[in-house]
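Notes for the one structure printed next.
The values are calculated or read from the model by the stated rules, or taken from the named source; none is laboratory data. All figures in this text were calculated on a predicted structure; none of them were measured in a lab. Cβ: placed from backbone, ideal geometry, glycine included. Neighbour counts: every protein chain shown. Heads up: the accessible areas ignore ligands, DNA and RNA and are worked out on the full protein's heavy atoms, side chains in. Shrake-Rupley method; radii C 1.70, N 1.55, O 1.52, S 1.80 Å.
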Amino acid sequence: MDNPIHRRCTTLRGLVLRVAAAVVLLLSPAAVTPVASHNDHGVHNNYLVLVRSAYEYDKKLHQNVSSWHASLLASVCDSAKETLAADPSAMTRLIYSYRNVVNGFAARMTPEELEKMSKMDWFDRSLPEQTYHLLTTHTPEMLGLTGDPRRGGLWNTSNMGEGIIIGILDDGIYGGHPSFDGAGMKPPPAKWKGRCDFNKTVCNNKLIGARSYFESAKWKWKGLQDPVLPISEGQHGTHTSSTAAGAFVPNASVFGNGLGTAAGMAPRAHIAFYQVCYEQKGCDRDDILAAVDDAIEDGVDILSLSLGHEDAIDFSDDPVSLGGYTAILNGVFICAAAGNTGPSPATLVNEAPWLLTVGASTSDRRFVASVKLGDKVEVDGQSLNDPKTTMGDPRPLVHDADGMCANENVLMAQNITGKIIICDAGGVVSTEKAKMAKRAGAAGMIVVIPEVFGPVVIPRAHAIPTVQVAYAEGQKIKEFLQTSGDATATFVFKGSMFKTPQSPMVAPFSSRGPNRRSRGILKPDLIGPGVNILAGVPSIEDVELAPNAAMPRFDIKSGTSMAAPHLSGIAALIKHAHPTWSPAAIKSALMTTAEPTDNLRKPIADVDGKPATFLAIGAGHVNPQKAMDPGLVYNMTAVGYVPYLCGLNYTDQKVSTIIYPEPPVSCANLSRLEQDDLNYPSITAILDQPPFTATANRSVTNVGAASSTYVVELEVPASVKVEVNPTKLTFKAVDEVLNYSVTIKSADGRAPASPVEGQLKWVCGKYVVRSPLLVVAGARQA
């Protein structure tokens, strides 16, 4: 196996000392292009260099992949010896040498060197540096993981994910957090080959791996300190890790809110942490690739990525897509956040079909606080103030002069001492507004949430007593202020309340489809809890504590970043229960059992109160109990995506880049697969030309009762006609595979003016295997 020193922080200086023979002597003359010597002081940038699929390193000439990549780089730079003599500092050029995720390397080069490299026979293409961003107690009970297994609780039946390794790519982890206590945990399985850079008092049987990836980021962001350990003062990585697989921690709360025992989705799973993101900077593409490269060799079972790029990236250029394909090729399930730029359409990221792309929903828990107006009317909102907090007598109610409380000088001039001030969202974040209002003497603050958020409120801890209210409720308070001659109000903090009607609901920020790179694949795949999630953090941000007060170790965060680790942990439970299932089978089980309805048995609503579309919820909201026993699955191997990629009109070289380290392919020698024919758990029919008809073919594998007959049920609007052949599937054995086709026609012979939604179900007793059916017009790439 490749020595880690060849993998991390590899430099040409080290390679000259270590493998001079491989670089200088063992290369045939035809393999080396001499380069004129020059003083290496040009402007350097980071590039991901992809090598043509026909070229692979020769083990007889090079001791490892790193030495081969170094020789390729040296062939267009000054020879190692000459450059060392001229400028030793210039030798840190080879940033990463990839072994699994791509056939290529990351390096620092001048534009002139890159131009010279582009003329080499082995050169395919280069990609300039890219930055990705993080997509930012009660949910185990809400999702049915707790309780008597006879009543559906899954923790006992799945042994809480014991022995499964979840790899988390994020911004750092606070290793000493009680959520990562290894007491009672068994050692990781023998296949684990990773390392933990914390000491033995921090690394344990829970947190088994922790590493930093910084070699590309440090050149991009000058002055950024090289982390000795994968620690971050930010909350994100600790929060996502404890959500996926945190240990049981009693008496967890945020200032008394949400009090209970905190636990991740898979409390007995192991955590391997890979730091690839840095506060206020982002996540470098080449560092992400390096982390996935190592995680696969380390032996992780699940990869959880709460990060993404703001644009729709070509699958052959995107580290999440590239690393994800190699992951599933090695049997690793990969889960990625959908993005936080909703509710606008076509904002979704991480679109590749081999990823589980997760949108965010609300839970049924609220942290309730009321604004009690002077006329005794109470307006409900939410707050993270301690439920024991009391405001006392009503206080004068005022509205900030500029509306948003974003100017401290304006606040000071208004004489708000002892008053409750109403602040609209916008300008600076509400936690900063609270600090300014406190300095100006305010007794409390009401924050009015933007109208686009509908009824969804995301409370934060503030420096003064604060109630955050939905836009509609805020207008009631403002109307009272305008019509009352002497308006007063006080706060009533009520703490956690459950069973909120119309739960779950789509989070307003959750990114929406359609899939811009492949409209024939419905994304997101499904939604999971991502609003007001209580999980572990190093400390609470933006709050001033009383002297000697203990810093809370849990906080509330929201985002598809929070939804993705929920699904990663649930996937770990399924993986433990069904160790032979492929990533595609696990994904299918999650999708075909997802719920399209809320706790009132009505269609899941969007924030405008209307039923959410498939482009917001995908297959629906995750139901772990049903996913553990789905009846049928839509199974696929990694190579099954190759004809699909050819059908997207990718070049042979791009397809070969994506599927590396599989052998290169020629699409001309393969049967191209249309998007609607990919064996996906959801069905999207694109009616792009007359006669506006499409046929989707599917295969289902029996993982339920050996002898079983499934009958099809269709629910589609009158604007389309749908035929399924056959209408009945009779299985005689477990793992038996049967095929069916779905033909979708426009009822009036015209392309649909807007997306048409329906559903196809295969029903057999307790099993309902449901596929959302989406019919759209237009081009196959958005």
Original post:
How much net charge surrounds S496 when only the other residues with a Cβ under 10 Å from the Cβ of S496 are counted, with Lys and Arg +1 and Asp and Glu -1?
Top reply: +3
Original post:
Let a ≥ b ≥ c be the square roots of the eigenvalues of the Cα gyration tensor of region 371-483; is it rounded (a/c under 1.5), or, if not, prolate (a/b larger than b/c) or oblate?
Top reply: rounded
Original post:
For the peptides 345-351, 529-535, what is the packing order when you average, over each peptide's residues, the other Cβ atoms within 10 Å and list the highest mean first?
Top reply: 529-535, 345-351
Original post:
Amide H neighbours of I422 under 5 Å, counting only residues 5+ apart in sequence or on other chains, H built in-plane at 1.01 Å?
Top reply: V398, H399, D400, I446
**OP:** Consider a paramagnetic label point 7 Å from the Cα of A753 along Cα→Cβ; state which residues of region 691-713 have an amide N under 19 Å from it.
**Re:** 692
Subject >> FRET E, pair N407, A705, Förster distance 41 Å, beta-carbon r, rounded to 0.05 >> reply: 0.05
Original post:
If you plug each phi of region 330-340 into the Karplus form 6.51 cos²θ - 1.76 cosθ + 1.60 with θ = phi - 60°, what whole-Hz ³J(HN,Hα) values come out, in order, with x for Gly and Pro?
Top reply: 9, x, 9, 7, 10, 10, 9, 6, 7, x, 10
Original post:
How large is ³J(HN,Hα) for each residue in region 305-312, as worked out from phi by the Karplus curve 6.51 cos²θ - 1.76 cosθ + 1.60 (θ = phi - 60°), to whole Hz, x for Gly and Pro?
Top reply: 10, 9, 8, x, 9, 6, 10, 7
Original post:
Taking only protein heavy atoms and a 1.4 Å probe, what accessible area per residue, in Å², does region 371-483 have with all protein chains in place?
Top reply: 43
Original post:
If the viscosity is 1.567 mPa s and the temperature 4 °C, what translational diffusion coefficient in µm²/s does Stokes-Einstein give for region 679-781 when Rh comes from Kirkwood over Cα pairs?
Top reply: 90
**OP:** Using 0.36 nm per residue of separation minus the Cα-Cα distance, give me the extension gain between A779 and A183 in nm, one decimal.
**Re:** 209.1 nm
**OP:** Calculate, in nm to one decimal, what E378 and T743 gain on full extension: separation in residues at 0.36 nm each, minus their alpha carbon distance.
**Re:** 125.9 nm
Subject >> Entries in K388/K499; K281/K494; K602/K766 that, when Cα-Cα distance is taken, lie over 29 Å >> reply: K281/K494
Original post:
For region 229-345, how big is Rg over Rh, using alpha carbon atoms and the Kirkwood form of Rh?
Top reply: 1.00
Subject >> lysines with Cα under 21 Å of K433, excluding same-chain neighbours fewer than 8 positions away >> reply: K419, K478, K557
Original post:
Label-point separation (nm) for A577 and K193, each offset 7 Å from Cα along Cα-to-Cβ?
Top reply: 3.1
Subject >> Per-peptide average of other Cβ atoms within 10 Å, ordering 192-201, 630-639, 560-569 highest first >> reply: 560-569, 630-639, 192-201
Original post:
Taking amide H positions as placed 1.01 Å from N in the peptide plane, with prolines and chain starts having none, which residues 5 or more places from G620, or on another chain, fall under 5 Å of its amide H?
Top reply: I527
**OP:** Convert each backbone phi in region 716-731 into a coupling constant with the Karplus relation 6.51 cos²θ - 1.76 cosθ + 1.60 (shift: θ = phi - 60°), then list the ³J(HN,Hα) values in order as whole Hz, x for Gly and Pro.
**Re:** 9, x, 5, 6, 10, 10, 10, 10, 10, 9, x, 8, 9, 10, 10, 9
Subject >> Relative contact order, percent, region 563-683 [alpha-carbon distance under 8 Å, six or more residues apart] >> reply: 26
Original post:
Can you list the aspartates and glutamates whose alpha carbon is less than 17 Å from that of K200, not counting same-chain residues fewer than 8 positions off?
Top reply: D181
